[in-house]
1. Pick from P33, P203, P111 the residue whose mean-square fluctuation is largest in a GNM of the chain, springs joining Cα atoms under 10 Å.
2. From Cα pairs below 8 angstrom and at least 6 apart in sequence, can you work out the relative contact order of the stretch 5-235, rounded to a whole percent?
3. Collect residues whose amide H, placed 1.01 Å from N in the peptide plane, falls under 5 Å from the amide H of D53; neighbours closer than 5 in sequence don't count.
4. With r defined as the distance between the Cβ atoms of V185 and Q20 and R0 fixed at 35 Å, what FRET efficiency is calculated, to the nearest 0.05?
5. What is the set of long-range amide H partners of G218 at a cut-off below 5 Å, with H atoms built 1.01 Å from backbone N?
6. What is the projected area of the convex hull of the Cα atoms of the stretch 5-235, averaged over all directions, in nm²?
7. Once phi is turned into ³J(HN,Hα) by the Karplus curve 6.51 cos²θ - 1.76 cosθ + 1.60 with θ = phi - 60°, what whole-Hz value does each residue of the stretch 57-63 show in order, with x for glycine and proline?
8. Write out the trypsin sites (Lys or Arg not before Pro) in the stretch 137-237 meeting two conditions: DSSP loop, and at most 15 other Cβ atoms within 10 Å of their Cβ.
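Throughout, read-outs are computed from the coordinates displayed, never taken from laboratory work. Since the model is a prediction, treat every value here as computed from it, not as a measurement. FYI the Cβ positions are ideal-geometry reconstructions off the backbone, even for glycines, and counts take in every protein chain you see.
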Amino acid sequence: MNGSLTANASLLAGIKAGLQQPACDIAVCAPAPYLAQCQAELVGSGIAWGAQDVSVHASGAYTGEVSASMLLDFGSTYAIVGHSERRAYHGESSELVAQKALSALVAGLTPIVCVGETLAERDAGKTAAVVGEQLDAVLRMLDAAQLADIVLAYEPVWAIGTGKTATPDMAQEVHAMLRKRLAGVDAAVAAKVRILYGGSMKPENARELLAMPDIDGGLIGGAALKAADFLAIIGAA
């Protein structure tokens, strides 16, 4: 929960000013109140934008919720679903996350589906079981054609905002497991789906992480709040 009109304007201007013909897709996912500002600032820039969450409901008496159609009104392309903080602080289940992914897809948004384990779960050797269960809920909800249109993000909870980062080999191991699970549905889909790493990627480690065969990009947190750091990661990609 970061940002203000002034801070956003400075950040987006800095990113646009430093961007030089990137060879990767770039998107900024902002809090819903700032989507109009993102649309105004980023249209025509080559940078897409989206939201940090989306309601499972299309419309109705759900005060405080933001629907996919509302996000589309502001030109959004992406919606993050299942971020670890939504799962932890709002009690979102894997089934609800999968339903949100489906709602986003049906409306025409690309869901960025987050999965990840806590430190206690990793220490207990449960990473594959926990992350696999989170992905399996999505696999049960979507057919192969829909699955091909999602973005998947592995965010080890223990590495978010802590300064800790999975080593490239540790991250690659989980990414490879996720891709193998996708391949169990459809090998072509597994090859197409982009799997992002979301555990404190920063300029210092981006190149090594992105060099791994199954790490297709980054879901950037704190480093994206500084234009220079975000541009450095884009450069690494």
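1. In the Gaussian network model the winner is P33.
2. On the way: 388 pairs, mean separation 38.1, N = 231.
Here the relative contact order equals 16 percent.
3. Answer set, sorted by chain and number: I80.
4. E between V185 and Q20, to the nearest 0.05, is 0.40.
5. Y197
6. Across all orientations, the stretch 5-235 yields a mean hull projection of 12.2 nm².
7. In residue order, the calculated couplings are 8, 6, 5, x, 7, 10, 3 Hz.
8. Answer in residue order: K164, K226.
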